[in-house]
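Have a look at the structure below, then the notes.
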Amino acid sequence: EILGILHRRWHFLVVGCLIGLTLPASYILFTTPLYTSTARILIDTKMNQNLHTQKIIEDTSFDTSLVDSQVKIISSESIVLAVIKSLNLTHDSEFVGSPDAIGRNLVLQVKKFISSVKQYLGLKEVSTDDADTFLERTAVETFLKRLDPKREDLTYVIDIAFTSEDPKNAARIANAVANA
C-alpha cells in the first residue's frame with residue numbers, strides 16, 4: 001500500500017528532493033567565504049615584577065585580572081581606531097561597504113536630518129559629524145564584530161582572532177592588533 005502511494009505521488013518526492021538540494025547548494029554558491037587568522041600575545045609579568053620590587057626570588061602568584069584586563073583593552077575602541085587608521089580601513093569596502101552604496105548615503109542623510117531637527121529644538125549641541133566620522137564609526141562597528149580576543153585557558157597568552165573575506169587581510173589585521 002505504501003509503495004502504491006509512493007508510485008502515484010512520485011512527483012512530490014522529486015520536488016521535495018530538488019528543493020532540499022537546491023537550498024543548500026545556493027547557500028554555498030552565494031555566501032562569501034570568511035577566513036580567520038589568529039595572533040598570540042604573551043604577557044610577561046616576571047619582568048615587571050622584578051623591575052618594580054627588585055626581588056631575587058620569583059613570585060609564583062597567578063594574577064588573572066591582569067590578563068583579563070588586557071583582553072578588554074585589546075577590544076577597546078582606542079586600540080581598534082588606531083588599527084583602522086594605520087591600515088586605512090575606512091576606505092575598505094569590506095568594512096564600510098562599497099563607495100557608491102546607496103544605503104550608506106541614505107543613513108548619513110537621515111542622521112544629518114535628525115541632528116538638525118534636534119539642534120533646531122535645542123536638544124543637542126552643534127555637532128561636527130561628517131562623512132569621515134560616519135565612515136570611522138561604521139568601520140569600528142564592523143571591526144569589533146569580527147575581532148575576537150580571548151584568553152587561552154589559565155595562561156598569560158591572549159589569542160587575537162580576526163575574521164575577514166581575504167585570508168591575507170585577516171592575518172595583517174590580527175598582527176596589527178597584536179602590535180597595537
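The numbers here are math on the coordinates, done by the rules we state, and not lab data. Note that the structure is a prediction, hence the values are computed from the model and not measured. Here Cβ is always computed from backbone atoms with ideal geometry, including for glycine, and neighbour counts include all displayed protein chains.
Things worth noting here:
- Exceeding the 31 Å Cα-Cα cut-off - candidates Lys112/Lys168; Lys72/Lys118; Lys111/Lys150; Lys112/Lys150; Lys85/Lys150; Lys111/Lys168: Lys112/Lys168; Lys72/Lys118; Lys111/Lys150; Lys112/Lys150; Lys111/Lys168
- Modelled FRET efficiency - R0 25 Å, Tyr35 with Glu77, Cβ distances, 0.05 increments: 0.55
- Using a Förster distance of 30 Å, the FRET efficiency for Ile114-Ile43 (Cβ separation, nearest 0.05): 0.10
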